[in-house]
Amino acid sequence: MPMVNPYKPVKAKLKKIVDETPNIKTFTLVLEEQMEFKTGQFVQFTVPEVGEAPFTPSSSPYVKDQMEITIMSAGRVTEAIHSLKEGDTVGIRGPLGKGYPLEEFKGKEVLILGGGVGMAPLRSLLLTLIAQKKDFKRILLLYGAKTPQDIIYKGQFADWRKEGVEIHRSVDNGDEDWKEKVGVVTVLLDDVKLGKEVVIICGPPIMMKFGTLSVLEMGYKPENIYLSMEKNMSCGIGKCGHCALGHYFVCKDGPVFKYSEIKDIEGIWD
Ligand SMILES: Cc1cc2nc3c(=O)[nH]c(=O)nc-3n(C[C@H](O)[C@H](O)[C@H](O)COP(=O)(O)OP(=O)(O)OC[C@H]3O[C@@H](n4cnc5c(N)ncnc54)[C@H](O)[C@@H]3O)c2cc1C
Ligand code: FES
């Protein structure tokens, strides 16, 4: 892997911007220096004269010549990112943190539970699992969004189904065209017969909390539940303490944690 300075952003050109939903866009970036990452690692995205914010690439780590990042507009930096145009130059610092421990998933049934823009890191994971699908017993994706319009990667689910991924989707509020499930994403757990081996959860804090409680109740073991934790970040490399989660730093020790590692830490869902 090429040596990249984690303090120094690499210049990146915005090649393509896709509107996923009214407030989520996917940005395709071409970096001046290649940055290899493991699925689940994150980068700091710098907008010149505005600031930086952390995001997990949503593309496959096997695609080396470009990187995709899917971003929801949530505040100052993300609003600035959403106002960027194709051809603009930004900075990318990383890769940071630890990726998903794929070795621990091998030979097992892998359940992915995603909510809203939490599908972004999970898409990178899913593409990685698909690339080595013979290594996994079964791959399932349960994905929920607020409304059909809020579903990201709308055109891609059919491709993933063709690859053998079992997919179930729900929306909190449907419309007359929505033929799939209505309800919070955890209702989908009732629709599938599961071996309860490995589950990976990513979404808004409330969804992470109720998703975890639901799978625990079903019989998943705390050490087989993998959660993507989000905390405010600054340095991204374990130096400043901004992202403390108990005795862990999310940037360095995470962002992916086993539930068994963090379950006794106060306020993990805040
Ligand atoms: C490892 C990691 C990976 C991530 N990956 C993605 C991704 O792939 N896609 C994605 O869309 N997002 C992702 N995020 C979330 C993303 O980093 C944030 O949405 C972004 O940093 C928001 O920055 P901002 O300046 O736009 O918003 P801010 O201006 O910081 O505001 C964001 C929201 O937080 C609130 N807020 C701000 N400061 C505080 C505070 N001190 N206390 C409480 N609330 C506050 C604001 O009111 C607002 O609702 C990731 C976060 C982490 C840590
Ligand atoms: S962001 Fe500085 S220690 Fe994690």
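The values are calculated or read from the model by the stated rules, or taken from the named source; none is laboratory data. Predicted, not measured: the structure shown is a model, and the values here were computed from it. Note: ideal-geometry Cβ built from the backbone for every residue, glycine included; neighbour counts use all protein chains shown. For accessibility, only protein heavy atoms count, side chains too; no ligands or nucleic acids. Shrake-Rupley method; radii C 1.70, N 1.55, O 1.52, S 1.80 Å.
Per-structure values
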| item | result |
| --- | --- |
| Counting DSSP beta bridges with both ends in the chain, the antiparallel % (nearest 5) | 55 percent |
| Set of aspartates and glutamates with alpha-carbon distance to Lys25 below 13 Å, sequence-local pairs under 8 removed | Glu68, Glu79, Glu86, Asp150 |
| Potential lengthening between Glu32 and Lys134 on full extension [0.36 nm per residue; Cα-Cα distance subtracted] | 33.3 nm |
| Counted charge near Gly91, where neighbours are those whose Cβ lies closer than 12 Å (Asp, Glu -1; Lys, Arg +1) | -1 |
| Straight-distance crosslink candidates among lysines, where the alpha carbon sits under 16 Å from Lys8 and sequence neighbours closer than 8 are dropped | Lys239 |
| Debye intensity ratio I(q)/I(0), log10, the chain, q values 0.10, 0.11, 0.15, 0.17 Å⁻¹ (C-alpha model) | -0.48, -0.59, -1.15, -1.48 |
| Residue pairs, from the table Lys221/Lys258; Lys134/Lys193; Lys108/Lys162, whose Cα atoms sit over 18 Å apart | Lys134/Lys193; Lys108/Lys162 |
| Accessible area in the full protein assembly, largest first, 1.4 Å probe, for Asp19, Asp191 | Asp19, Asp191 |
| Measure of compaction for region 94-210 (Cα Rg per 2.2 N^0.38 Å) | 1.04 |
| Percentage relative contact order, region 22-172, counting C-alpha pairs under 8 Å, at least six apart | 24 percent |
| Value of relative contact order over region 102-228, rounded to a whole percent, pairs C-alpha under 8 Å and six or more apart | 29 percent |
| Helical contribution to [θ] at 222 nm, DSSP H n ≥ 4, -39,500 (n - 2.57), averaged over the chain, rounded to 500 | -5000 deg cm²/dmol |
| Normalised contact order of the chain, rounded percent, pairs of Cα under 8 Å and 6 or more residues apart | 17 percent |
| With eigenvalues of the C-alpha gyration tensor scaled by 5 and rooted, region 2-111, Å | 24, 17, 13 |
| The chain - accessible surface per residue (Å², probe 1.4 Å) | 47 Å² |
| Kirkwood Rh in Å, taken over region 193-270 so that all alpha-carbon pairs contribute | 13.0 Å |
